[in-house]
Amino acid sequence: MKLLFDQQLSPRLVARLQDLFPESEHVSHIGLDTADDATVWAYCRVNSFALASKDRDFNDLAVLRGFPPKLIWLQSGNCTTAQIESLIRSHADAIAEFEADSEAGVLALS
C-alpha cells in the first residue's frame, strides 16, 4: 500500500516507514503541502495512494465522495512522530487487511 501523509504528519514518516510502505510520500515532497483537502483527495485517487491523516475533514470527504482513495484516519491526538510511527507499525496487519478489503474505505486507528 502506498501512503500519502498529509500536512499534519511529519515528512520523516516516509523514511521511518519505508520498510512497510516503500512507495509512500508526504504532501510536502510532491508540492501539495499548501493544497486544499479536495486537491489532496483527488491526487490520492488518481495516483493510487491511501491517505494517512489526522484530519476529520478527510473522513467527511470519504463519506461524501466514497473511495478510492482509502483513508487511514489516525485518531491519536497530539503526539510525537515516533508515537505515530509506533501506531502505524502496531496496526500493520490491520492495514494490510484494510488494503485487501474492497468494501472498506476508512480505517480508524487510535
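Working carefully through the options PRO68, PRO22, find the one that is surrounded by 12 or more Cβ atoms within 10 Å (Cβ to Cβ) and within 14 Å of the chain's Cα centre (by Cα).
Going through PRO68, PRO22 in turn, the sole match is PRO68.
I'm checking my understanding of the structure. Among residues of segment 72-110 that are among the aliphatic types (A, V, I, L, M) and within 19 Å of PRO11 (Cβ to Cβ), which one is surrounded by the fewest Cβ atoms within 10 Å (Cβ to Cβ)?
The qualifying residue surrounded by the fewest Cβ atoms within 10 Å (Cβ to Cβ) is ALA82.
Sort through VAL14, VAL46, VAL27 and tell me the only one that's among the β-branched types (Val, Ile, Thr) and either at pLDDT below 95 or loosely packed, with under 14 Cβ neighbours inside 10 Å (or both).
Result: VAL46 is the single residue among VAL14, VAL46, VAL27 that is among the β-branched types (Val, Ile, Thr) and either at pLDDT below 95 or loosely packed, with under 14 Cβ neighbours inside 10 Å (or both).
Taking the residues in segment 49-64 that are without any contact (Cβ under 8 Å) to a residue 24 or more places away in the chain and within 22 Å of THR81 (Cβ to Cβ) as candidates, determine which candidate is surrounded by the most Cβ atoms within 10 Å (Cβ to Cβ).
Taking the candidates together, the pick is ASP57.
Do we have any residue at all in segment 39-47 that's touching a residue at least 40 places away in the same chain (Cβ under 8 Å), under 19 Å from ILE84 (Cα atoms) and under 13 Å from the mean Cα position of the chain (by Cα)?
No, that holds for no residue.
The values are calculated or read from the model by the stated rules, or taken from the named source; none is laboratory data. Not measured: the values here are computed from a predicted model. Reconstructed Cβ throughout: ideal geometry from the backbone, glycine too, with neighbour counts over all protein chains shown.
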